[in-house]
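Asker: I'd like to ask some things about the structure below.
Rule-based calculations on the coordinates, nothing more; no lab input. Note that the structure is a prediction, hence the values are computed from the model and not measured. Because the Cβ atoms are built from the backbone with ideal geometry, glycine has one as well, and the counts that use them run over all protein chains shown.
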Amino acid sequence: MFALAITMSVVVLLLNTGKLALIPIIISTLEAFIINLISSLIIPANKLGEIFAKKFNAKENSFLFSALSNFIVSGIYVTIVSFFMTVINVGVSSILFVAWISIYPIVFIVGYIVSLIFAPFALKLTTKIVER
């Protein structure tokens, strides 16, 4: 979740404002993390991702399962986080939807790739924590 928050904050800031500076990245990362955390408490994205992967008969713990389930999970979280971060960056105005939809394809692709990269590490960390 934190890796996605950092990635989303950097990409959304860069695309929305054209600039990167340390303090805005830190603030934006915290905003993205909080938005992601709240949405994860409300929306069962992981469960929806599992259901989606199982519909394609993907075997659990396989790359295909991870790719399919992360497609849904990333789709949900990237959509929510990128939208609210765009609201924070450009405000509620007549350009909000255009600003958000113009960055969304890039943010989704980056978020999906980051999700695929970090999913195995997150699974291992979760397994170790649960085993204790």
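Asker: If we count every other residue with Cβ under 15 angstrom of Lys54's Cβ, Lys/Arg +1 and Asp/Glu -1, where does the sum land?
Answerer: With Lys, Arg at +1 and Asp, Glu at -1, the net is +1.
Asker: Taking 8 Å as the Cα distance limit and 6 or more residues as the minimum spacing, I'd like the relative contact order of region 2-131 as a percentage.
Answerer: 31 percent
Asker: From the backbone phi of region 46-57, what are the Karplus-calculated ³J(HN,Hα) couplings (6.51 cos²θ - 1.76 cosθ + 1.60, θ = phi - 60°) in whole Hz, Gly and Pro given as x?
Answerer: 4, 5, 5, x, 4, 4, 4, 5, 5, 5, 9, 6
Asker: When the Cα centres of region 89-132 and region 1-71 are compared, how far apart do they sit, in Å?
Answerer: So the separation of the two Cα centres works out to 3 Å.
Asker: Same structure, new question: Can you tell me the dipole magnitude for the chain around its Cα centre, using point charges on the Cβ only (Lys, Arg +1; Asp, Glu -1), in Debye to the nearest 20?
Answerer: Here the chain has a charge dipole of around 260 debye.
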